[in-house]
Amino acid sequence: MIYSDSLQIQTDLASIFDWKQEITWTHQNIRLPIYFAKLMTDLWRVHPFREGNTRTVSVLMKLFAQHHNLPFNAELLSNNAGYLRNALVMAAINEAPDPTYLHKVINDALSIDFSASLSDSGTFSEKYRTIGSYNVSSYEEKPFSTDHDES
């Protein structure tokens, strides 16, 4: 995994933000989940913090979705933080990136009807227990809040 060099963070971010300007960020764009996952992965790969990059990028993506009037289930990402972090790792590996797992959770988070993910049925928590053959359900990643009024 290669993260941005500390001297390249501003340049890398400028390049990412230039690319995002070229995309139509609406549900009419059938590639929306793929582009959303790419944007999230690219931002995460900049990795400017020692800790909290996954949480920070997740909150940024929630705000990005709100800015573009996209329904986005940030709680799904928070409740499955271990899965999300490992999905980002898999999507960002230089030699052989595999964004499949990230696409799955982003597609669900961008779903117009994501009420099922908020139910107590456990369906979504079961869905995000493994990445490949790795069980990520016991991964120690704190859930995060995306609400402004929480401390």
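Any chance you could count how many residues in the stretch 47-68 are among the aromatic types (F, W, Y) and not in a helix (DSSP H, G or I)?
Final tally of qualifying residues: 1.
Cβ-Cβ under 6 Å, sequence separation 6+ or interchain: first residue in the stretch 86-115 and at pLDDT below 90, partner in a loop (DSSP other than H, G, I, E, B) and crowded, with 17+ Cβ neighbours inside 10 Å. Which pairs?
F114/N73
Of the residues A74, A81, only one is surrounded by 20 or more Cβ atoms within 10 Å (Cβ to Cβ) and aliphatic (A, V, I, L, M); which?
Only one candidate passes the filter, namely A81.
Is the stretch 12-27 home to any residue that is modelled with pLDDT of 95 or more and on the phi > 0 side of the Ramachandran plot?
No: zero hits.
Just one of W25, W44 is surrounded by 16 or more Cβ atoms within 10 Å (Cβ to Cβ) and assigned to a loop (DSSP other than H, G, I, E, B); which is it?
On inspection, the qualifying residue turns out to be W25.
Go through the stretch 27-57 residue by residue and tally those that are closer than 15 Å to K104 by Cα and touching a residue at least 60 places away in the same chain (Cβ under 8 Å).
8
The values are calculated or read from the model by the stated rules, or taken from the named source; none is laboratory data. Bear in mind the structure is a predicted one, so any value in this text is a computation, not a measurement. Quick reminder, even Gly has a Cβ in these numbers, built from the backbone with ideal geometry, and neighbours come from all protein chains shown.
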